[in-house]
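Asker: The structure under discussion is supplied below as structure tokens; questions concerning it will follow.
Read-outs throughout are calculated quantities, based only on the coordinates presented, and are distinct from any laboratory measurement. Since we're looking at a predicted model, the values are computed, not measured. Cβ placement follows ideal geometry from the backbone for every residue including glycine, while neighbour counts extend to all protein chains displayed.
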Amino acid sequence: MSLQYNFAYLDEQSKKMIRRSILKAMAIPGFQVPFGGREMPLPYGWGTGGIQLTASLLGKEDCLKVIDQGSDDTTNAVSIKDFFKKTARIEITENTEDATIIQTRHRIPETPLTPQQIMVYQVPIPEPLQFIEPKRQENAKMHAFSEYGTMYVKLYEDIARHERIAMAFDYPVHVNGRYIMSPSPIPKFDNPKLHQSCAMHIFGAGREKRIYAVPPYTDVVSLDFEDYPFELEEWDESCAICGSDQTFLDEIITDDEGTRMFVCSDTEFCSRVRQKGKR
Amino acid sequence: MLKGFASEVFDSQKVFRQLLAAMANPGRIMDIGIDLESPEFIHPAAGAILLALLDFETPLWSDLENDSKEIQWLRFHTGAPYAYAKRNALFALQTDYDALESVDQFNPGTLEAPHQSTTLIVHTRGVDNNGRIRLTGPGIQTDKFLKLKGIKESFLHQRTQTLKDYPLGVDLIFVWDHYLVSIPRTTSVEIL
């Protein structure tokens, strides 16, 4: 006896509920829409939110790319691709340009997105105010009344203590001039890619049961101060494999003596640049 | 009774993706992308959107009577309850565009739950991008122009009054035949 799944695993009523939440999220950029998150056949923290979004979006003609920290071939990405290969029998790609849906854990590809593409983010902690005020009811009120002063106090405390805003990833953003939003733990290097992006971005948190979104061509501004403007990280090195000096680099220790190399975090971009022979 | 989607799984997915593209890109006219025979007094686009999104959790208000064959068709295929008050509706279907004066009586949500608002689907006599209605806002690169045949200018002016209530608001989807175009609450509308 073979086990038959519904297309893309989720039942149709669950998809309807998630689709309604996605539409409202798109209509209220940056607002976290609560949804009836379902149990998925993998533990929380492995992308249950993103998978539920992808399952609700996928159709037969879609081509799916999944990345985990920029890489197409790490455990989480491979497992999620296998999951949808098995339950939806759709086309899978590593090529960013071919993908219609890109599910990601914590990176935005280096290759510019197109207006036809949908980015799906796996989000561990959707509430940017959680570490300032742990009570969810209070968070809801703070968002309701745009009461974001304490967020700026936190940034100020960083500057007082470290002389800079000490957040390298999950750097909060102001969306459409209204809601403060967690861009998920993408490096702040990727934050500018959200601003006035031509693609749509949908964020799913499975454990916290929240969906939020950024439509195309929407203002997404990283929080900062006039005298301490938002700054991107820079590297003195270029990628040791493809030579790119414009990409987000991972530092890799290569032996016991502490020898290090810097390589592109986006493996697909890196290998494409190398094949083009730019080196 | 007419049948619903030919394929519950793939037709509802297709319609949803077309609608999502419309909602993310206000003013962009989308085709529902499937064939659907809907009852006499509702456009296939309205029928398709509602079949794709309604279920037992989503009260539907309409200017059509609960016992009309259109509403009975939607309710048979989706199990949605009928809302007798606009305020209680998560989805609303206005087929008589002449009678549409304002979005006031629909539910704009609350400050803490702006998503619990009405999505209002409105029939038109035709939609195209060669009109005097200028749209700006999230999802629109510079601006977008629209013609909504049959929709009163006074309605659009009244709707503009509600923009200051953001994030509260009613999201609009205008339909004609197989086509749909959305004006969510974030979109500014001017009539040139």
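Asker: Quick one: work out Rg over Rh on the C-alpha atoms of region B:8-191, Rh as Kirkwood radius.
Answerer: A ratio of 0.93.
Asker: Okay, next question. To the nearest 10 degrees, how steeply does helix B:69-78 sit against the main Cα axis of chain B, on a 0 to 90 scale?
Answerer: Orientation of helix B:69-78: about 80 degrees from the principal axis.
Asker: Count neighbours as other Cβ atoms within 10 Å of each site's Cβ, and list the chymotrypsin sites (Phe, Trp or Tyr not before Pro) in region B:82-124 that are DSSP loop with at most 13 such neighbours.
Answerer: Here the chymotrypsin sites (Phe, Trp or Tyr not before Pro) that fit, given the DSSP loop and packing criteria, are B:84.
Asker: Counting other Cβ atoms within 10 Å of each Cβ, which GluC sites (Glu not before Pro) in region B:27-128 have at most 11 and sit in a DSSP loop?
Answerer: Loop-located and lightly packed - B:37, B:40, B:65, B:101.
Asker: Please report the net charge: other residues with Cβ closer than 9 Å to the Cβ of residue B:149, K and R +1, D and E -1.
Answerer: Working: positive: B:125, B:147; negative: B:128.
Around residue B:149, the charge tally is +1.
Asker: In whole angstrom, and with the biggest value first, how far do the Cα coordinates of the protein assembly as shown range along each principal axis?
Answerer: So the three principal-axis extents are 79, 60, 44 Å.
Asker: Additional query: Determine the relative contact order of region B:151-192: mean sequence separation of Cα pairs under 8 Å and six or more apart, normalised by residue count, in whole percent.
Answerer: Relative contact order here is 36 percent.
Asker: Would you give the gap between the C-alpha center of region A:89-160 and the C-alpha center of region B:9-36, rounded to a whole Å?
Answerer: 25 Å
Asker: Something else: Considering every residue in B:138-149, what mean count of other chain Cβ atoms within 10 Å of its Cβ is obtained?
Answerer: 3
Asker: With a length cut of 18 Å (Cα positions projected on each helix's long axis) and a Kyte-Doolittle mean of at least -1.0, go through chain A and give me the DSSP H helices that pass.
Answerer: A:12-27, A:75-88, A:149-162
Asker: Mind sorting B:119, B:186, A:150 by how few other Cβ atoms lie within 10 Å of their own Cβ, fewest first?
Answerer: The most exposed by this proxy come first: A:150, B:186, B:119.
Asker: Zone of residue B:192 (label point 7 Å along Cα→Cβ, backbone N under 18 Å): which residues in region B:157-178?
Answerer: From region B:157-178, the list is B:157.
Asker: Something else: What FRET efficiency comes out for the pair residue A:159/residue B:56, r = Cβ-Cβ distance, R0 = 60 Å, nearest 0.05?
Answerer: The value I calculate is 0.70.
Asker: Give the cross-link partners of residue B:144 among the aspartates and glutamates, using a straight C-alpha distance below 12 Å as the criterion and excluding same-chain residues fewer than 8 apart.
Answerer: In chain and number order, the partners are B:128, B:190.
Asker: Something else: Residue A:166 to residue A:274: FRET efficiency via 1/(1 + (r/R0)^6), r the Cβ-Cβ distance, R0 35 Å, to the nearest 0.05? Display every interim value, and only then the final one.
Answerer: Numbers: r = 34 Å, r/R0 = 0.97.
E between residue A:166 and residue A:274, to the nearest 0.05, is 0.55.
Asker: Would you mind ranking A:151, A:26, A:119 so that the residue whose beta carbon has the fewest other beta carbons within 10 Å leads the list? Walk me through the numbers on the way to the answer.
Answerer: On the way: A:151 19, A:26 33, A:119 22.
So the residues, fewest neighbours to most, are A:151, A:119, A:26.
Asker: While we're on this one: Can you work out the Karplus-derived ³J(HN,Hα) for every residue in region A:166-178? Use 6.51 cos²θ - 1.76 cosθ + 1.60 with θ = phi - 60°, whole Hz, and x for glycine or proline.
Answerer: Taking θ as phi minus 60°, the curve returns 8, 10, 9, 9, 6, 7, x, 10, 9, 9, 6, x, 10 Hz for region A:166-178.
Asker: Report P(r) for region A:234-279: all Cα-Cα distances, bin width 10 Å, range 0 to the bin holding the largest distance, values in whole percent.
Answerer: 30, 51, 18, 1
Asker: Show me the GluC sites (Glu not before Pro) within region A:1-77 that DSSP assigns to loop and that have at most 13 other Cβ atoms within 10 Å of their Cβ.
Answerer: Passing both the DSSP loop test and the Cβ count: A:39, A:61.
Asker: How high is the relative contact order of chain A, in percent, with contacts defined as C-alpha pairs under 8 Å that are six or more residues apart?
Answerer: Relative contact order here is 21 percent.
Asker: Roughly how tilted is helix B:44-53, in degrees to the nearest 10 and between 0 and 90, from the longest Cα axis of chain B?
Answerer: Here the helix axis deviates by roughly 80 degrees.
Asker: Would you mind estimating how fast region A:12-222 diffuses translationally, via Stokes-Einstein at 20 °C and 1.002 mPa s with the Kirkwood radius over Cα pairs, in µm²/s?
Answerer: 123 µm²/s
Asker: Now for a different question. Measure nothing but the geometry: give the 0 to 90° angle between the long axis through the Cα atoms of B:8-24 and the longest principal axis through the Cα atoms of chain B, rounded to 10°.
Answerer: Once rounded, the angle reads 10 degrees.
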